[in-house]
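Engineer: Take this structure, written in C-alpha cells, and hold onto it; I'll ask about it next.
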Number of protein chains: 4
Amino acid sequence: MRVGLLTGGGDVPGLNAAIRAVVKQGEGEYGHSIIGFRNGWRGVVDGDVFPLGRQHIRNVLTQGGTLLGTARFHPHSSDGGIDGVLATLEAERIEALICIGGDGTLHAASKVAEAGVRIVAIPKTIDNDVWGTDRSIGFDTAVGIATEALDRVHTTAESHNRVMIVEVMGRHAGWIAVTSAIASGAELVLTPEEPFDIEKVVKFLKHRHRAHASFSIVVVAEGAVPLQGSAMSYEAPVGKFGEIVAGAISERIKVEIEERTGFDTRVTVLGHVQRGGIPTHTDRILGSRFGTAAIDAISRGETGVMTALRGEDVVLVPLEEIAGKVKQVPAELLQVARALA
Amino acid sequence: MRVGLLTGGGDVPGLNAAIRAVVKQGEGEYGHSIIGFRNGWRGVVDGDVFPLGRQHIRNVLTQGGTLLGTARFHPHSSDGGIDGVLATLEAERIEALICIGGDGTLHAASKVAEAGVRIVAIPKTIDNDVWGTDRSIGFDTAVGIATEALDRVHTTAESHNRVMIVEVMGRHAGWIAVTSAIASGAELVLTPEEPFDIEKVVKFLKHRHRAHASFSIVVVAEGAVPLQGSAMSYEAPVGKFGEIVAGAISERIKVEIEERTGFDTRVTVLGHVQRGGIPTHTDRILGSRFGTAAIDAISRGETGVMTALRGEDVVLVPLEEIAGKVKQVPAELLQVARALA
Amino acid sequence: MRVGLLTGGGDVPGLNAAIRAVVKQGEGEYGHSIIGFRNGWRGVVDGDVFPLGRQHIRNVLTQGGTLLGTARFHPHSSDGGIDGVLATLEAERIEALICIGGDGTLHAASKVAEAGVRIVAIPKTIDNDVWGTDRSIGFDTAVGIATEALDRVHTTAESHNRVMIVEVMGRHAGWIAVTSAIASGAELVLTPEEPFDIEKVVKFLKHRHRAHASFSIVVVAEGAVPLQGSAMSYEAPVGKFGEIVAGAISERIKVEIEERTGFDTRVTVLGHVQRGGIPTHTDRILGSRFGTAAIDAISRGETGVMTALRGEDVVLVPLEEIAGKVKQVPAELLQVARALA
Amino acid sequence: MRVGLLTGGGDVPGLNAAIRAVVKQGEGEYGHSIIGFRNGWRGVVDGDVFPLGRQHIRNVLTQGGTLLGTARFHPHSSDGGIDGVLATLEAERIEALICIGGDGTLHAASKVAEAGVRIVAIPKTIDNDVWGTDRSIGFDTAVGIATEALDRVHTTAESHNRVMIVEVMGRHAGWIAVTSAIASGAELVLTPEEPFDIEKVVKFLKHRHRAHASFSIVVVAEGAVPLQGSAMSYEAPVGKFGEIVAGAISERIKVEIEERTGFDTRVTVLGHVQRGGIPTHTDRILGSRFGTAAIDAISRGETGVMTALRGEDVVLVPLEEIAGKVKQVPAELLQVARALA
C-alpha cells in the first residue's frame, strides 16, 4: 500500500517523532511504501513528493521542526485545491493519506475525506486547543520553554514596584499561559477564556505591592482581550498573514499599568523561541504513539478520523466531531492558577 | 481547622509544589492552620511538628526534595505506631491529615483512616505504578532525566559491536524504562511486565549488528527479570533496606551478552540522579493541582481518598480501591516501544 | 576582622557563588565576621546591615539573583554619598569592604578606596566588558541562554524569505552577540564594535536568499549602531533610568530590511530572560574563585584592586588601571563569527 | 590545496563545530578541497576518504559525536602504520593534514610531521589534561553534565549518615572532578593530583556527620589513587583496551567507608553519559575557533603545531613542546575546592 504523509501549518517540536513512527511502523509492520509530501498541502497540490525511507529518519527524534517542511496553505480555501489534491494522489497511486497539523490542516483533511480519500489525521499545535484530545503535539515543549523563561525572570533581583509582563502564545485558548503560570508561580495570568478588567488587574497589583511584594510577574496569552465595556478598549491589530501581532496586547497593557500605578513595567515576548528546539520526552512519546496509531488505523481501513489522547489511551475521534470547536482551559486549572498566585 | 501535612517514602521532584499548594490554598481560601510533620510518619509518631506558613514556601516550586523531610517509616508496621499517630494528632489538636507518598504511605494512610482520622492522600513515586491515577508526582521528571541520559549515550561514537546497557528505576513496573526508550529511540527495553528470554535478546542483538548496526542501546528497568525456565537463572539480591540492588540485574545481563555474543558491553546505572533536581513543569503542575484538590477535599469533609489524575481531570479515588494493586505499563505502550526500536 | 560585603548594579547569575565563597573562606580560614549590606551601596549609606553567616548561604550555588539584594545607586554620584559610606563603616566598625559589581560599582569602589577604605572588588556583568579580566561573573550564563534561544529559532521551519532578528544584551560591547552567534551558527551579527551599513546588511541577505537559503538569523546587540554617514540614520532612545530601550534598534532594523527587501522580518527581544535563572558551572566556579581570592587579598592587606581571570589564573588588578575602559570583542572573534556565518 | 581532516580517540561534544569550521573557512576563505577520513587514523591507513563539503556540515553545531567517525588506532604503534599514512596521502594527493584528537592522536601527529607531512593538530579531551592549552574541546560539556548530576544528587532527601560517591572521568588529572565539585558544592573530591589517605577521608566524614550534617557527597575522579603507604592498598584493574575500569576505585572506597564508619554509602558512575549530547556554547565556540585557526595556520604554511587557548587568545604551540606532558589541576583550584566544601 502506498501511504502519503504531510505536515501542515506552523512547525512544532515533536513532528519528526510522528513522521518516524509512521515510517518505521508502516514499513516494518505492514510493508507499506510511505510517500512524503514537501511543504504540507502545497506539496500535494504541486506533486512535490519523494519516497520517505529509513535513511530520512535517522537521529530525528531530538530534532525540532519537520523534515518534510510545512506551509500555511489549505487546499479547500483555494480554487481547484481539492481537485489538485485528488489529481496528485491518483498520479502517484496513493491509496491513503496521513496528515499532521492544526486547525487548518484538520479542516482540510475532513474536506479531502469527504471527497472520498482514505485519511487519518494527527493533531499538533502548541496552543493545545484542538478539540477531542487531551494533548496535541508541541504543546508540552512550549510550556517547558515558557516555564524556564518565567523561572529566569523570577530569580532576577526583585526591584521595587516593577511589573514584568511575559507574553506567550495562545490565540484562542490560554493553555500555555495558565500551565506555565502555575508551574512558575506567576502572580497573574490573562487568557482568552476570561476577558480581563484592567481596573481589577491594577487593583490587584497595587494591593500586592502595598501589602507584601515589590515585584509582580504577569503572564499574558497573545489572545488575551479586555472585558467588553470595561475601562480599557482594545482592537487587536492583525498581521499580514492574519496572525496575531506579537507583543501588541502586552505593550498596551504595559501602558495602562504604568499610567494607573506608576510602576515600572517591562514586556518580554517569547515569540518563535516557543516553537523550536529539542522536543520534550512527552512530545516525542506523543508523536511516536500518534504516528503508530495513525498507520495502524489506516491499515485497518479507518478514514475520516483523528488520533487523540484520552487519559492513558490513544483513541480515534471522527474529524466531523471536532470541526469548528476550540478546546479551552477548564475552570479547575484556571482556579488553581488563581489560588496559587 | 488545623490540618497536618507529611511527605513519606523516597523524595521526588514536585513534592514542594504540592506542599506549597496545600499551604496557599489552605490558608488563603479556608483560613486553616497547616501543621507540618518532619520526616514523614516518623515525625507524626515523635510529635516533630511546626506551624507551616508562607515563609516556608517561598521559591520552593523549582526545588527538588521535600522541605518537610521524609523517612521510610510506616506506623502500621511498627508496634504501637498507629497509637502514636493518634496520640500526636490529639495532642496537637489536628483535625485532618494530608499525606503525600507512595505505596507504603498510602497503605499507612488507609490504616490511619480506618482508625477514624480524616485523611486525604496524594500519590508520588517516580515508578508511576500507583493504581488509580494516570500519573504520580515525580515520574515525569525522572523520565526527562533518563531520556536526556539516553540521548547523550546515543550521540557518542558508534563503536563496532558495542552494547550499552542503561539501567533506570522501576521495581514492579517499567514506566520509566518504556517511556524513555520510546523518547530516545532505544533498541531494546526490558521490564518487569514482560520477563525476558536472554536467548531472544541475544538473537535480536546479533541480527541487528549483522544486518545494519554497530551499536545497540538496551534500557533495563531495575526490576526486570528473566523468564521462568529460560536459559538464564537469576535471583535478585536484596539490599539492607529491602531495596533492589542498583546495577545487579544489568551487570548480570552484561555478562550473559558478552559470553554469548562477544560484543563489548557497558553498563550505566542512573541511580539517584533520577530522583533529584528541578522538577519539570509537568510535575510542578501535577503537584500544584493535587495539593489544591487535597485541601479542597479535606475542607469538604472527604476522607479515605486519594487525589488522582484521569485524563484532564483531577478526581478522588477511595484508598481501599487501590490497595495492593500495581499499575503496570499497558500493552499499547509496550508495542510502540517494540515497533519503533 | 569585620569585613563588609555588597552587590551593586543589575543582578546576574553567579553572584551567590561569590557571596558564599567570601563567607566560607572568610569564616573558615580567617575567622572574620562577614557583614552583609542590603541593596548595594544604598544599604551602606543607609546602614542596612546584618551579620552574614553560614545559614544564609545554604543551597545558594544554584540560585540566580543575589541574596544581598542590589540597587543601581552609586555613592559618588550623590551628595554626601561617600561621607555616608564612611560613617556607616565607622559605626559598624567595618575594617574592609568587598564589593561585587559592574562599571558603576567598580568606579564607586575606587572612589571609596581613595577615601582610605581597604577595598577589594569583584567584577560582574553579563556584558563582559570590564577591562582587565577575561571574564566577569554572569556572562557565561547569559551566552548559554542566548545560544539556546538561537538554537530554538534555528530549528523552526525555514520559511521562504523570512528574517529573524534576535536582540541580546550588550550596550558598549557585543560579547553576548558574537559568542552566541558563533555557537549557534547565526548568519549575521551586529555589534557596537563595528557600526553597520544597512545597505551591506541588505545586500548580504538578498544574496544569501537568492543563492541558497530561505531563512536568515540576525543577532543584534542592543548597543549596535549604524555607521556614521551610511544610509540609515538612528538616534537611540534613552529609557527612564538612562538604560537602552529594549528592542528599539531591532525594530528599526526590521523596518529597513522589510522596506528594502520585502522579506518578512520578525523580532525577538530576549531581555530580562538573559539575567536570570540557574548559573552555569562556569559562572559558579568563577564566582567561587573570585570570592575566595577577594577575601584572601583583603586578609593579606591588599586594597584598591579587583580580582581578575587571566587564562587559568586568578590575579589582582589595580582599580585605577581599569577605570574608564571598555573591553570590546577582539578582531579574531569577530572574524570567526563572519567566517562561519 | 587538498587538506585532509580526521578525528581520533574517544568522541566528545564539540568535534563537529571544529569540522564545520575547517570546511567553511577552508572552502570559503581559501578555496581548498577538504578531504575527510573516516574513523581516525584507521581511515588514513585504509584510504577510507570522501570529499567533505557543505552538505555534510548542515545543522551539526548542536550534534555530539563526530560526523567523521573515530577509532582508537594509532599509526605509530602498528607495523607499517606511518608508511600506510604516507601512501594514502600521496595516492589522494593530500598536501596537508588537520587532526583533531587527544594524547594518542597528538603523538601520532608529531610522528607523521617528522616524516615530512604538513600537519596542524587540534586538542580534544574531556579530561582537559593536554599540556599547552587552557582548554581542550569536550571538557566544558563534560563538566556541565557532571555538575547537573551532582546538583540532582544534592537535592534529594538528606538521609541520616548517607554518603554518596559520584565517579567522574579523569584518568591522569582531576579537572572534571574538581570543577564540578566546586560548581555543585560537594563535600570532598579525590583526584590523581593528590593521592588520598582513606583514614583522613573517614575522619573528615565522621567529623562532618557528627558536627552538622547527615549527608555527604564525594566526587571521585576515575584515576584517583590512595596515598602510597597509607591504610588502603589498591591495584587499579585494567580493562580490555587498557582503559580504566569504570566504578572500580569508587566501589573500593565505598567498602572502606562503610567498614570504617557504618554510614550507608552509594556509588553512581556517570560513565559514557559524560561524553555525549549537545555541546555547550563554550565547546562549540572553542571548536569553531580552533578549526578556523587550524586551517588558517595550514594555509600560512605552518606545520608541527597545535592550536591552543591562552586566556582570550588562540595561539599555536609546537607539538614537540607538549609531548609526554600532562596538564594537572593547579593548586589554587584544588584549594578553592577544599575551602568551599
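Engineer: Output the qualifying pairs, or none if there are none: Cβ atoms under 6 angstrom, residues six or more apart or on different chains, first residue in region A:1-17 and open to solvent by less than 10 Å² (accessible area, probe 1.4 Å) and at pLDDT 95 or above, second residue hydroxyl-bearing (Ser, Thr, Tyr) and not in a loop (DSSP other than H, G, I, E, B).
Structural biologist: A:PRO13/A:THR141; A:LEU15/A:THR7; A:ALA17/A:SER288
Engineer: Is it true that D:ILE82 is under 21 Å from D:PRO123 (Cα atoms), of a type outside the set (D, E, K, R) and in contact with a Ser or Thr (Cβ under 9 Å, 6 or more places away or on another chain)?
Structural biologist: Values: under 21 Å from D:PRO123 (Cα atoms): yes; of a type outside the set (D, E, K, R): yes; in contact with a Ser or Thr (Cβ under 9 Å, 6 or more places away or on another chain): no.
Considered against the rule, which asks whether it is under 21 Å from D:PRO123 (Cα atoms), of a type outside the set (D, E, K, R) and in contact with a Ser or Thr (Cβ under 9 Å, 6 or more places away or on another chain), D:ILE82 comes out as no.
Engineer: Please verify whether region A:188-198 includes one or more residues that are in contact with a helix residue (DSSP H, G or I) (Cβ under 8 Å, 6 or more places away or on another chain), open to solvent by less than 20 Å² (accessible area, probe 1.4 Å) and within 19 Å of A:LEU270 (Cβ to Cβ). Spell out the reasoning first.
Structural biologist: First pass over region A:188-198, keeping only residues in contact with a helix residue (DSSP H, G or I) (Cβ under 8 Å, 6 or more places away or on another chain): A:188-191, A:193-194, A:198.
If we keep only those that are open to solvent by less than 20 Å² (accessible area, probe 1.4 Å) as well, we get A:190-191, A:198.
Right, trim to within 19 Å of A:LEU270 (Cβ to Cβ) and you get A:190-191.
So far as region A:188-198 goes, yes, one or more of its residues are in contact with a helix residue (DSSP H, G or I) (Cβ under 8 Å, 6 or more places away or on another chain), open to solvent by less than 20 Å² (accessible area, probe 1.4 Å) and within 19 Å of A:LEU270 (Cβ to Cβ).
Engineer: Of everything in region B:27-59, what is open to solvent by less than 60 Å² (accessible area, probe 1.4 Å), away from every other protein chain (no Cβ under 14 Å) and over 25 Å from B:GLY104 (Cβ atoms)? Give them in sequence order.
Structural biologist: Within region B:27-59, just B:SER33 meets the criteria.
Engineer: Name the single residue that is surrounded by the most Cβ atoms within 10 Å (Cβ to Cβ) among those in region D:249-265 being in a helix (DSSP H, G or I) and within 11 Å of chain B (Cβ to nearest Cβ).
Structural biologist: Residue satisfying both the conditions and the ranking: D:GLU251.
Engineer: What number of residues in region A:186-233 are closer than 19 Å to A:LYS327 by Cβ and within 14 Å of chain B (Cβ to nearest Cβ)?
Structural biologist: Residues meeting the conditions: 1.
Engineer: Continuing with this model, one more query. Being modelled with pLDDT of 95 or more, at the interface with another protein chain (Cβ under 10 Å from one of its Cβ atoms) and at negative phi narrows it down to one of B:GLU148, B:GLU158, so name that one.
Structural biologist: Every option except B:GLU148 fails the conditions.
Engineer: Considering region C:34-63 alone, what residues qualify as being out of contact with any Asp or Glu (no Cβ under 8 Å at 6 or more places or on another chain) and within 13 Å of C:GLY4 (Cα to Cα)?
Structural biologist: C:GLY36, C:GLY40, C:TRP41, C:GLY43, C:VAL44, C:VAL45, C:ASP48, C:PHE50, C:PRO51, C:LEU52
Engineer: Among the listed residues C:ALA246, C:ALA236, which satisfies the condition of being facing another protein chain (nearest Cβ under 8 Å), open to solvent by 30 Å² or more (accessible area, probe 1.4 Å) and assigned to a loop (DSSP other than H, G, I, E, B)?
Structural biologist: C:ALA246
Engineer: Looking only at helices (runs of 4 or more DSSP H) that lie completely in region A:63-179, which have at least 2 residues being open to solvent by less than 20 Å² (accessible area, probe 1.4 Å) and not assigned by TED's automatic domain parsing to the domain that holds A:ILE285?
Structural biologist: Correct list: A:139-155.
Engineer: With the requirement that a residue be part of a helix (DSSP H, G or I), in contact with a Gly (Cβ under 6 Å, 6 or more places away or on another chain) and farther than 14 Å from A:THR105 by Cβ, what does region A:1-26 give you?
Structural biologist: Listed by number, the residues that qualify are A:ALA17, A:ALA21, A:VAL22.
Engineer: Looking at D:VAL130 and the list (1) farther than 27 Å from D:GLY223 by Cα; (2) at pLDDT 95 or above; (3) touching a Pro at 6+ places or on another chain (Cβ under 6 Å); (4) among the aliphatic types (A, V, I, L, M), which single condition is not satisfied?
Structural biologist: The number of the failed condition is (1).
Engineer: Another question about this same structure. Hey, can you tell me all the residues within region A:210-225 that are open to solvent by 20 Å² or more (accessible area, probe 1.4 Å), of a type outside the set (A, V, I, L, M) and at pLDDT 90 or above?
Structural biologist: Correct list: A:ARG210, A:GLU222.
Engineer: Determine if region D:297-319 includes at least one residue that is open to solvent by 10 Å² or more (accessible area, probe 1.4 Å), in the same structural domain as D:LYS206 (by TED's automatic domain parsing) and either within 25 Å of C:PHE139 (Cα to Cα) or under 18 Å from the mean Cα position of the chain (by Cα) (or both). Full working, then the answer.
Structural biologist: First, pick out the residues of region D:297-319 that are open to solvent by 10 Å² or more (accessible area, probe 1.4 Å): D:299-305, D:309-316, D:318.
From what's left, in the same structural domain as D:LYS206 (by TED's automatic domain parsing): none.
No.
Engineer: Can you tell me how many residues within region A:27-48 are assigned to a strand (DSSP E or B) and within 26 Å of the chain's Cα centre (by Cα)?
Structural biologist: Count: 4.
Conditions (1) open to solvent by less than 20 Å² (accessible area, probe 1.4 Å); (2) within 12 Å of chain A (Cβ to nearest Cβ); (3) modelled with pLDDT of 95 or more, marked per residue:
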| position | (1), (2), (3) |
| --- | --- |
| C:SER184 | yes, yes, yes |
| C:VAL267 | no, yes, no |
| C:VAL273 | yes, yes, no |
| C:THR282 | no, no, yes |
| C:THR292 | yes, no, yes |
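Engineer: Condition first: more than 9 Å from chain A (Cβ to nearest Cβ) and surrounded by fewer than 16 Cβ atoms within 10 Å (Cβ to Cβ). Now tell me which residues in region B:322-331 satisfy that.
Structural biologist: Hits for region B:322-331 are B:ALA323, B:GLY324, B:LYS325, B:VAL326, B:ALA331.
Engineer: Against the condition touching a Ser or Thr at 6+ places or on another chain (Cβ under 8 Å), among the polar types (S, T, N, Q) and under 29 Å from B:THR265 (Cα atoms), how does D:THR268 come out, does it pass?
Structural biologist: Spelling it out, it is not the case that D:THR268 is touching a Ser or Thr at 6+ places or on another chain (Cβ under 8 Å), among the polar types (S, T, N, Q) and under 29 Å from B:THR265 (Cα atoms).
Engineer: Taking the conditions exactly as written (in a strand (DSSP E or B), touching a residue at least 60 places away in the same chain (Cβ under 8 Å) and facing another protein chain (nearest Cβ under 9 Å)), does D:LEU309 satisfy them or not?
Structural biologist: Working: in a strand (DSSP E or B): yes; touching a residue at least 60 places away in the same chain (Cβ under 8 Å): yes; facing another protein chain (nearest Cβ under 9 Å): yes.
Answer is yes for this residue.
Engineer: Only one of these is closer than 30 Å to B:ASP129 by Cβ, away from chain C (no Cβ under 14 Å) and among the hydrophobic types (A, V, I, L, M, F, W, C): A:LEU334, A:LEU319, A:LEU286. Name it.
Structural biologist: A:LEU286
Engineer: If you scan region A:258-300, which residues turn out to be among the basic types (Lys, Arg) and without any contact (Cβ under 8 Å) to a residue 24 or more places away in the chain?
Structural biologist: A:ARG300
The values are calculated or read from the model by the stated rules, or taken from the named source; none is laboratory data. Not measured: the values here are computed from a predicted model. Here Cβ is always computed from backbone atoms with ideal geometry, including for glycine, and neighbour counts include all displayed protein chains. Note: accessible area is taken over every heavy atom of the protein model, side chains too, but ligands, DNA and RNA are not part of it. Shrake-Rupley method; radii C 1.70, N 1.55, O 1.52, S 1.80 Å.
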